[in-house]
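Here the structure comes first, spelled out in structure tokens, and everything after it is commentary.
The values are calculated or read from the model by the stated rules, or taken from the named source; none is laboratory data. Since the structure is predicted, the reported quantities are computational estimates derived from the model, not experimental observations. As a convention, Cβ positions derive from the backbone with ideal geometry for all residues, glycine included, and neighbour counts pool all protein chains shown.
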Protein chains: 2
Amino acid sequence: MKRRDFIKGSSAAVAGVASAAIAAPAISENRKQWRLITTWPKNLPGLGTTAQFFADQVTACSNGKLEVKLYASGEVVPAFESIDAVSAGTVEMGHGAPYYWKGKAIASQLVSNFPFGLTAQEYNAWYMFGGGAELCDEFYQDALGCRFLACGNTGVQHPGYSRKELNTIEDFNGLKMRMPGLGGAAMSAIGAVVINLPGSEVAQAFASGTVDWVEWNSPYGEATMGFWRYGKYYYTPGFHEAGTSLDLFINPAAWDTLDSQEKAIVTNCANSANIYALSEPVAYSGAILQKLVAEEGVIVKKIPDDALTAIATAVGELIADQVANDPWSAKLFASLSKFRSEQIDYTNTTEGAFIQARNLPYKFPS
Amino acid sequence: MKRRDFIKGSSAAVAGVASAAIAAPAISENRKQWRLITTWPKNLPGLGTTAQFFADQVTACSNGKLEVKLYASGEVVPAFESIDAVSAGTVEMGHGAPYYWKGKAIASQLVSNFPFGLTAQEYNAWYMFGGGAELCDEFYQDALGCRFLACGNTGVQHPGYSRKELNTIEDFNGLKMRMPGLGGAAMSAIGAVVINLPGSEVAQAFASGTVDWVEWNSPYGEATMGFWRYGKYYYTPGFHEAGTSLDLFINPAAWDTLDSQEKAIVTNCANSANIYALSEPVAYSGAILQKLVAEEGVIVKKIPDDALTAIATAVGELIADQVANDPWSAKLFASLSKFRSEQIDYTNTTEGAFIQARNLPYKFPS
């Protein structure tokens, strides 16, 4: 997913707007106006839309007593400084993705989930009933100076379009790829040349052959990018981000000013935004991918199993290193990993087995 | 799923409690007390718990201005009369599963989802972004005299334990099964003998061999049933109920008395309860199934593909018949089926491909 590039592009506009945006936190007649800064452009499909939905629902559920006003990436502070602005109390809350804060606390990339980790449904189950909510909140308070609520999940992302067909692990040797995070690091481990590019340059770099492979997020999120014009191979599966959680981070002192009603509203609206975020790209991506295959010559291909196996092993080594060197990573991964190990076989027998069975050659009305 | 049997068992207690329960709808100082009748025993895992969560969250988000008091199955009216009690305004709202109302409006079983239909994630996407919310609400108003909100999803259910190992479609011939609904009807079409049993008799009937196969819901929901003592074969996949939606049904006149704040609270708390319902059985079932396999000798088996293909074809014929004979079924199925056809390939490339890849033989830290 390439949110960070949206962020970089939009943070140039920061200076002029910031002073106006953070002026005058209005509190009158027992009404609160809270500012929600986001790491997304306004109404970016599936991400900015989720933040806007959350803000609107909190305002509606409180009848404006807790009015949440959204600021797009860069309007108040540069996106990657959002967590600091919330921690410092410059604004009350923010919306982003946990792995954006890995530079400040490496364990935050595990709060997002990890390659070959949990599906969105499993992540939500861990969060609500597996101790995840308490653990993430404790970590955010300790390491990032904020309270944490899960507020969205991307579901399984798309690992990328390729200009080249890849049939064995050897074909990845020297392949110029754009894929961030642990997924990209694992790709390096099997011989790919991972190149970092800002979001604004990705389409051009793919068109010109500067890179052979580009990762973004979903057919819905990629709809305006036109990658299929330059590379026809639409690869699966999304091993790298199978269910990336989005975060709502809240200034602790501001949180403490909320009464129990307002806390309940914020918490339930975060849950509501969670299902909204996951549903939006799922709802639209299927029809878009069908059209790309039918009308644009896109070819859906699977990353070869030998490559996937080597990538997964490399991911495991990267996580083992991180866990060995960072106590919060160790604590979070222990909880996530235990939950994952309980879920794998069960998900095979439920979602996995059902999705396979649905492909059998039966007749069905349409 | 065997909710209806919980219902039947608990409805005996109706008479004595009903008059007290429905007395005096207290409205004072602009406060509303609403009664939520449910089709579940109080705190039935994953179902009664979801209804209680919803009631508690609405009360908390409104600071008691809209206080929702939950009544278990049978406390006010017998469970299967819940929709009538809400429609008539005896109480303000109810929680159940749409297919409970198929005797009143056959199309309601499609609102629940259908065998070989949508996953929970796909159903939620249809509901939120595929026109499902509007269509279900229109149908409920027209056919059942209630407003509709989705309020929970079971995820992929478990099709059943069997006393016998089944290797081909012929092995289903004469098999005595307990499976309700379209799934059971399709099982009849491939030669099984489907026997209806109240919930209170299922374990005994399975123990004695009166039936060879029992369907219930999930390892978590089945935890107290002990089926594995009498039949070791735990079959997959849950073709019959891959993502059964739960319904919140609301008296239309009562709904109209809510202000926009209260409507927002009810709607967002229904979304919040939706993700709660799905997360609870997912969170606990994996560890339970692992223990059953490791300590109780349970053997996970796949229904043979030839049987699944024939069952799916039979389901398709049953749905085609229903659609041909009922206008609301035609309208609902047209929308669901279009959405499903857009999703199948996409879900194969996302959840399906990821779940498969996660099973490759790589090393990973634990």
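A few notes on this one:
- Single unsatisfied condition, residue A:294 versus (1) surrounded by fewer than 18 Cβ atoms within 10 Å (Cβ to Cβ); (2) under 24 Å from the mean Cα position of the chain (by Cα); (3) of a type in the set (Gly, Ala, Ser): (2)
- Filter pass, residue A:261 being more than 20 Å from residue A:49 (Cα to Cα), in contact with a Gly (Cβ under 9 Å, 6 or more places away or on another chain) and within 13 Å of another protein chain (Cβ to nearest Cβ): yes
- Selection count where residues are assigned to a helix (DSSP H, G or I) and more than 12 Å from chain A (Cβ to nearest Cβ), scope region B:119-151: 11
- Just one of the listed residues (A:79, A:88) is more than 12 Å from chain B (Cβ to nearest Cβ), over 30 Å from residue B:285 (Cβ atoms) and more than 17 Å from the chain's Cα centre (by Cα), and it is A:88.
- The listed residues are A:242, A:189, A:205, A:185, and the only one of them that is in contact (Cβ under 8 Å) with a residue 24 or more places away in the chain, buried (at least 24 other Cβ atoms within 10 Å of the Cβ) and either within 14 Å of chain B (Cβ to nearest Cβ) or farther than 26 Å from residue A:282 by Cα (or both) turns out to be A:242.
- Scan of region A:264-322 for residues that are β-branched (Val, Ile, Thr) and more than 22 Å from residue A:48 (Cα to Cα), ordered by number: A:293, A:298, A:299, A:300, A:303, A:309, A:311, A:313, A:315, A:319
- Flag if residue B:130 is surrounded by 19 or more Cβ atoms within 10 Å (Cβ to Cβ) and either modelled with pLDDT under 95 or more than 18 Å from the chain's Cα centre (by Cα) (or both): yes
- Residue A:224 vs. criteria surrounded by fewer than 19 Cβ atoms within 10 Å (Cβ to Cβ) and closer than 30 Å to residue A:57 by Cα: yes
- Some residue of region B:108-116 being of a type outside the set (Lys, Arg), part of a strand (DSSP E or B), crowded, with 19+ Cβ neighbours inside 10 Å and under 17 Å from the mean Cα position of the chain (by Cα): no
- Residue, nearest to residue B:92 (Cα to Cα), within region B:152-170, restricted to residues that are of a type in the set (S, T, N, Q) and in a strand (DSSP E or B): B:153
- Residues (out of contact with any Gly (no Cβ under 6 Å at 6 or more places or on another chain) and assigned to a strand (DSSP E or B)) located in region A:31-64: A:31, A:32, A:33, A:34, A:35, A:36, A:38
- Unmet criterion (only one of (1) within 8 Å of chain A (Cβ to nearest Cβ); (2) in contact with a strand residue (DSSP E or B) (Cβ under 7 Å, 6 or more places away or on another chain); (3) of a type outside the set (Ser, Thr, Tyr)) for residue B:268: (2)
- Count of region A:182-218 residues, restricted to those that are among the aliphatic types (A, V, I, L, M) and in a helix (DSSP H, G or I), is 9.
- Some residue of region B:298-306 being in a helix (DSSP H, G or I), at pLDDT 95 or above and either under 24 Å from the mean Cα position of the chain (by Cα) or at the interface with another protein chain (Cβ under 7 Å from one of its Cβ atoms) (or both): yes
- Region A:222-239, subset touching a helix residue (DSSP H, G or I) at 6+ places or on another chain (Cβ under 8 Å) and within 13 Å of chain B (Cβ to nearest Cβ), residue farthest from residue A:185 (Cα to Cα): A:234
- In region A:152-169, the residues that are of a type outside the set (S, T, N, Q), touching a strand residue (DSSP E or B) at 6+ places or on another chain (Cβ under 8 Å) and either at positive phi or within 14 Å of chain B (Cβ to nearest Cβ) (or both): A:152, A:158, A:159, A:160, A:161
- Odd one out for residue A:281 among (1) more than 15 Å from residue B:269 (Cβ to Cβ); (2) within 7 Å of chain B (Cβ to nearest Cβ): (2)
- Only a single item in (1) facing another protein chain (nearest Cβ under 8 Å); (2) under 30 Å from residue B:59 (Cβ atoms); (3) of a type in the set (Asp, Glu) is not met by residue A:345, and it is number (2).
- Filtering region B:320-337 to residues that are more than 8 Å from every other protein chain (Cβ to nearest Cβ) and either closer than 22 Å to residue A:285 by Cα or of a type in the set (Val, Ile, Thr) (or both) leaves B:332, B:334, B:335, B:336.
- Single unsatisfied condition, residue B:45 versus (1) modelled with pLDDT of 95 or more; (2) within 14 Å of another protein chain (Cβ to nearest Cβ); (3) on the phi < 0 side of the Ramachandran plot: (1)
- Complete set of residues in region A:98-155 that are of a type in the set (Phe, Trp, Tyr) and in contact (Cβ under 8 Å) with a residue 40 or more places away in the chain: A:99, A:100, A:101, A:114, A:116, A:123, A:126, A:127, A:139, A:140, A:148
- Failed criterion for residue B:266 (all others in (1) crowded, with 19+ Cβ neighbours inside 10 Å; (2) in contact with a Ser or Thr (Cβ under 7 Å, 6 or more places away or on another chain) hold): (2)
- Residue within region A:349-360 that is more than 9 Å from every other protein chain (Cβ to nearest Cβ) and basic (Lys, Arg) present: no
- The combined condition, being under 16 Å from residue A:303 (Cα atoms) and either β-branched (Val, Ile, Thr) or modelled with pLDDT of 95 or more (or both), is fulfilled by residue A:191.
- Hits in region A:330-366 (condition: surrounded by 22 or more Cβ atoms within 10 Å (Cβ to Cβ) and polar (S, T, N, Q)): A:343, A:347, A:349, A:350
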